[in-house]
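Visitor: Once you've had a glance at the structure underneath, I'll fire off some questions.
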There are 2 protein chains.
Amino acid sequence: MRSVTAENITETFIGYFGKDTDPRVKEIMASLAHHLHGFIKDTKLTHDEWRESLELLKWTGEITTPERNEFVLLSDVLGVSSLVDMINSNPAATSSSVLGPFHVTDAPPMALGADFKRHYEGEVILVEGYIKDTDGNVIPGASVDIWQTAPNGLYSSQDDEQDINSFHGVFTADENGYYSFTTIRPVSYTVPSDGPVGKILDATGRHPWRPSHLHYIVSAEGYRSLVTEVFPNDDPYLDQDTVFGVREDLVISYKPQAAGTFPKEGFELSGKVDSAFSKIDFDAILIKK
Amino acid sequence: MRSVTAENITETFIGYFGKDTDPRVKEIMASLAHHLHGFIKDTKLTHDEWRESLELLKWTGEITTPERNEFVLLSDVLGVSSLVDMINSNPAATSSSVLGPFHVTDAPPMALGADFKRHYEGEVILVEGYIKDTDGNVIPGASVDIWQTAPNGLYSSQDDEQDINSFHGVFTADENGYYSFTTIRPVSYTVPSDGPVGKILDATGRHPWRPSHLHYIVSAEGYRSLVTEVFPNDDPYLDQDTVFGVREDLVISYKPQAAGTFPKEGFELSGKVDSAFSKIDFDAILIKK
């Protein structure tokens with residue numbers, strides 16, 4: 001008769017695996033048991049704490065809807081999402097960073113040089129860059145899917161005043177791998193904090209802020225898609241992104257531009273642009289499949 | 001500017017804690033991050049595997065109802081519930097074992113010697129024992145809350161043919177700490193396997209069976225309540241309980257009794273009892289608060 005003890009439970013768990021279990025499933029489940037059991041033993045978790053943890057997971061399920069996946073947010077604020085990004089990154093390519101829950105699929109195609117901000121007001125930003133491979137060759141025709149917050153700090157799916165494609169668009173790089181658009185400066189914002197994730201942030205004395213950023217998904221035939229974010233180097237939350245998304249190569253200076261450099265050929269934006277106008281140069285480097 | 005890396009993310013996470021954070025919360029969350037991050041790094045979890053894990057948690061939330069908490073079941077089959085029981089056990093007392101999801105609160109009080117099985121048929125079992133403290137002194141008046149499966153392998157809350165209090169009852173030990181009742185042999189049964197837990201069991205080649213058992217909650221003023229289970233030593237699933245509930249001191253032999261030893265004074269059961277009649281002696285030892 002097997003007597004399960006705190007000493008042999010992980011080994012007992014592994015001993016239960018069927019002979020024909022997929023080796024990768026075995027590896028993942030054995031490691032999960034090792035770390036879950038280690039967590040319980042290291043903390044000497046009490047029954048009350050265990051019950052409270054399960055209640056928190058139950059609440060995470062209850063607050064999750066098709067528009068709001070609190071499990072993803074939980075993974076984000078625990079650093080899990082970012083760690084998955086980092087260990088799957090290739091140092092020769094642009095770092096990936098969290099997708100987040102606000103991406104809209106089937107965003108409208110936009111012409112190079114389009115004015116992404118439409119009727120919204122704010123500090124105008126000109127964004128330009130090249131999509132390249134790890135050898136420095138440009139990738140013509142790459143798809144550059146961009147999204148960001150409106151000036152109120154909300155993404156389109158969070159905001160009744162925006163239509164769903166607001167501040168979302170897909171550019172196609174030209175034959176030189178070049179893309180460009182104008183927009184307004186994205187703003188720092190808070191992750192939803194009215195659920196279990198907010199409770200965790202609160203209990204650990206953490207704020208819910210993320211530094212402002214532009215989201216990118218860059219993809220091209222024959223390359224691994226890159227999901228990433230680009231941060232300005234002057235954001236006050238750069239050092240303490242609540243979802244751990246900041247990487248050194250994703251922090252870009254917003255270069256001040258002389259007034260009167262717009263209108264410029266190839267851009268939709270026209271009319272007087274005042275001195276607060278700035279420019280981001282961001283090249284994305286993709287890995288061959 | 002902080003660049004978060006796979007090497008410093010756990011330390012960064014811990015660095016985010018507020019100064020006034022409760023030390024126990026800090027300890028638990030730091031250990032959780034250490035083990036979660038360790039799991040991701042040790043397995044080099046891919047984006048697809050991470051997404052699949054989050055989908056599994058989302059499904060766990062979706063299938064959870066007031067009557068079925070799949071998060072508890074997940075904790076059970078991963079060995080977490082049993083490990084929490086074990087590390088909070090005192091070796092001088094009776095081992096605790098999983099509560100499970102089928103306990104009915106406010107079960108009816110029953111007189112000592114009551115016939116728990118009512119109209120159900122099966123192998124008759126006489127259960128007797130004493131409730132004691134860790135010094136061997138009896139605890140008069142202790143409450144002994146018992147529940148078990150019906151012969152069809154179902155608990156009352158799973159079975160339309162049983163009323164909610166079927167195979168549930170609360171006995172009060174007498175002045176000698178003695179309790180007794182008759183019932184029928186509980187049966188081995190399967191945990192619900194039509195949800196994410198079933199998917200995990202299936203993927204790892206595990207069966208959903210639990211060895212048969214009687215559930216106990218024993219409580220008395222001034223003592224820590226004991227939640228436990230008592231298993232017969234001849235159950236085929238004793239070595240492979242899918243929720244890891246079996247402990248050496250909870251495995252009891254069902255002693256065959258001579259036919260004709262019933263009717264007996266102090267017991268409700270009367271009439272001829274055939275030779276399959278057996279007896280369990282189970283004493284529960286409680287810890288002073």
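The values are calculated or read from the model by the stated rules, or taken from the named source; none is laboratory data. This structure is a prediction, so every number in the text was calculated from the model and none was measured. Every residue, glycine as well, gets a Cβ built from its backbone with ideal geometry; the counts of neighbours run over all protein chains shown. The protein model used for the area step is the full one, side chains on, heavy atoms only, and it has no ligands, DNA or RNA in it. Shrake-Rupley method; radii C 1.70, N 1.55, O 1.52, S 1.80 Å.
Visitor: Below 8 Å between Cα atoms, with a sequence gap of 6+, how large is the relative contact order for chain A in percent?
Guide: 21
Visitor: What figure in square angstrom, to the nearest 10, would you give for the accessible area of A:Lys58 with a 1.4 Å probe?
Guide: The accessible area comes out at roughly 50 Å².
Visitor: Tell me: how much accessible area in total is hidden between B and A, 1.4 Å probe, Å², nearest 100?
Guide: 6500
Visitor: Which value, in debye to the nearest 20, describes the size of the charge dipole of chain B about its Cα centre when Lys and Arg Cβ atoms bear +1, Asp and Glu Cβ atoms bear -1, and nothing else is charged?
Guide: With only Lys, Arg, Asp and Glu charged at Cβ, the dipole is about 620 debye.
Visitor: Between copies, how far does the label point of B:Asp159 sit from its twins, in nm, shortest first, when each point is 7 Å from Cα along Cα→Cβ?
Guide: So the distances to the same position in the other copies read 5.8 nm.
Visitor: Tell me which A residue has its C-beta closest to the axis rotating A onto B, and the distance in Å?
Guide: A:Gly61, 1
Visitor: What net charge is computed for the residues neighbouring B:Ser75, neighbours being all others with C-beta under 13 Å from the C-beta of B:Ser75, Lys and Arg scored +1, Asp and Glu -1?
Guide: Counting the neighbours of B:Ser75, the net charge comes to -4.
Visitor: Now a separate question. Springs between alpha-carbon pairs under 10 angstrom, Gaussian network model over chain A: which of A:Gly18, A:Gly222, A:Gly100 fluctuates most?
Guide: For chain A, modelled as a Gaussian network with Cα springs under 10 Å, the answer is A:Gly18.
Visitor: Name the shape class, rounded, prolate or oblate, that the alpha-carbon gyration tensor gives for the stretch B:9-77, where a ≥ b ≥ c are the square roots of its eigenvalues, rounded holds for a/c under 1.5, and otherwise prolate holds if a/b is larger than b/c and oblate otherwise.
Guide: Cα axes put the stretch B:9-77 in the oblate bin.
Visitor: Now a separate question. Excluding ligands, DNA and RNA, what is the solvent-accessible area per residue of chain A at a probe of 1.4 Å, expressed in Å²?
Guide: Computed with neighbouring chains in place, this is 43 Å² per residue.
Visitor: At B:Pro140, label 7 Å along Cα→Cβ: distances to the other copies, nm, ascending?
Guide: Ordered by increasing distance: 9.7 nm.
Visitor: Still on this model: So how long is each side of the stretch A:80-286 along the principal axes, counting just the alpha-carbon atoms, biggest first, in Å?
Guide: Computed over the stretch A:80-286, the largest-to-smallest principal extents equal 53, 39, 31 Å.
Visitor: Let me ask something else. If you find the alpha carbon centre of the stretch B:197-222 and of the stretch A:92-122, how far apart are they in angstrom?
Guide: Between the Cα centres of the stretch B:197-222 and the stretch A:92-122 lies a distance of 49 Å.
Visitor: Can you work out ³J(HN,Hα) from phi for every residue in the stretch A:80-90, in order, using Karplus 6.51 cos²θ - 1.76 cosθ + 1.60 and θ = phi - 60°, giving whole Hz and x for Gly and Pro?
Guide: Karplus-based 3J(HN,Hα) across the stretch A:80-90 equals 6, 4, 5, 5, 4, 4, 5, 6, 9, 7, 10 Hz.
Visitor: Run the reach check for B:Lys279 against lysines, Cα to Cα strictly under 30 Å, same-chain hits fewer than 8 apart removed. What comes back?
Guide: The qualifying lysines are B:Lys117, B:Lys132, B:Lys255, B:Lys264, B:Lys288.
Visitor: Pairs B:Lys26/B:Lys58; B:Lys26/B:Lys289; A:Lys44/B:Lys289: which exceed 22 Å Cα-Cα?
Guide: B:Lys26/B:Lys58; B:Lys26/B:Lys289, as the Cα separations exceed 22 Å there.
Visitor: Work out which residues of the stretch A:43-74 lose at minimum 50 square angstrom of accessible surface when the other protein chains are put back, relative to the chain isolated, with a 1.4 angstrom probe, and list them by number.
Guide: A:Thr43, A:His47, A:Trp50, A:Leu54, A:Lys58, A:Phe71
Visitor: Label the stretch A:1-45 by shape, choosing from rounded, prolate and oblate, from the square roots a ≥ b ≥ c of the eigenvalues of the Cα gyration tensor; if a/c is under 1.5 it is rounded, and otherwise prolate applies when a/b is larger than b/c, oblate when it is not.
Guide: Because a/c hits 1.5 or more and a/b fails to exceed b/c, the stretch A:1-45 counts as oblate.
Visitor: Could you list which residues have their amide H under 5 Å from that of B:Ala142, counting only those 5 or more apart in sequence or on another chain, with H placed in the peptide plane?
Guide: B:Ala173
Visitor: Output wanted: per-residue J couplings in Hz (rounded whole) for the stretch A:33-45, from phi through Karplus 6.51 cos²θ - 1.76 cosθ + 1.60, θ = phi - 60°, x for Gly and Pro.
Guide: Residue by residue, the stretch A:33-45 yields 5, 3, 6, 5, 5, x, 4, 4, 6, 4, 8, 6, 4 Hz.
Visitor: For A:Thr228, B:Thr261, what's the largest-to-smallest order of accessible area, 1.4 Å probe?
Guide: Descending order: B:Thr261, A:Thr228.
Visitor: Put A:Tyr237, A:Tyr189 in order of accessible area, largest first, 1.4 Å probe: what do you get?
Guide: Largest accessible area first, the residues go A:Tyr237, A:Tyr189.
Visitor: Once a ≥ b ≥ c are taken as the square roots of the eigenvalues of the Cα gyration tensor of the protein assembly as shown, is the result rounded (a/c under 1.5), prolate (a/b larger than b/c) or oblate (a/b not larger than b/c)?
Guide: Prolate, since a/c reaches 1.5 and a/b exceeds b/c.
Visitor: Rounded to whole Hz and in sequence order, give me ³J(HN,Hα) for the stretch B:200-207 from the Karplus expression 6.51 cos²θ - 1.76 cosθ + 1.60, θ = phi - 60°, writing x for Gly and Pro.
Guide: For the stretch B:200-207, the Karplus curve yields 5, 4, 4, 5, 9, x, 9, 8 Hz.
Visitor: Right, another one. For the stretch A:16-83, what is the charge dipole size about the Cα centre, in debye to the nearest 20, if Lys and Arg each add +1 at the Cβ and Asp and Glu each add -1 at the Cβ?
Guide: With only Lys, Arg, Asp and Glu charged at Cβ, the dipole is about 300 debye.
Visitor: Leaving ligands, DNA and RNA out of it, rank A:Lys117, A:Lys44 by accessible area with a 1.4 Å probe, largest first.
Guide: Most to least solvent-accessible, the answer reads A:Lys44, A:Lys117.
Visitor: Moving to a separate point now. Quick one: among B:Asp22, B:Asp174, B:Asp249, which has the greatest mean-square fluctuation in a GNM of chain B with alpha-carbon springs under 10 angstrom?
Guide: Highest fluctuation of the listed residues: B:Asp22.
Visitor: For chain A, set up a Gaussian network in which alpha carbons nearer than 10 Å are linked by springs, and say which option among A:Trp50, A:Trp59, A:Trp147 fluctuates the most.
Guide: Highest fluctuation among the options: A:Trp50.
Visitor: Moving on to the next point. Can you compute the helix-only [θ] at 222 nm over chain B? Use -39500 (n - 2.57) per DSSP H run of at least 4 residues, normalise by all residues, nearest 500 deg cm²/dmol.
Guide: Only helices count here, giving -7500 deg cm²/dmol.
Visitor: Counting only residues 5 or more places away or on other chains, whose amide H sits under 5 Å from the amide H of A:Val251 once H atoms are built in the peptide plane?
Guide: Long-range HN contacts for A:Val251: A:Phe231.
Visitor: Would you mind checking which residues have amide H under 5 Å from A:Ile184's amide H? H placed 1.01 Å from N; only 5 or more apart, or other chain.
Guide: For A:Ile184, whose amide H was placed from the backbone, the distant partners under 5 Å are A:Lys117, A:Ile125.
Visitor: Give the residue from A:Pro91, A:Asn176, A:Leu201 lying farthest towards the positive end of the charge dipole for the stretch A:80-286; charges sit on Cβ (+1 for Lys and Arg, -1 for Asp and Glu) and the dipole is referred to the Cα centre.
Guide: A:Leu201
Visitor: In nm, one decimal, shortest first: how far is the label point of B:Thr46 (7 Å from Cα along Cα to beta carbon) from the matching points in the other copies?
Guide: Values, ascending and in nm: 4.4.
Visitor: Pop out the carbon and sulfur fraction of the accessible area of chain B as a percent, whole number, probe 1.4 Å.
Guide: 52
Visitor: Could you please state, rounded to a whole Å, how far the C-alpha centre of the stretch B:7-42 is from the C-alpha centre of the stretch B:225-264?
Guide: Centre-to-centre (Cα) distance: 42 Å.
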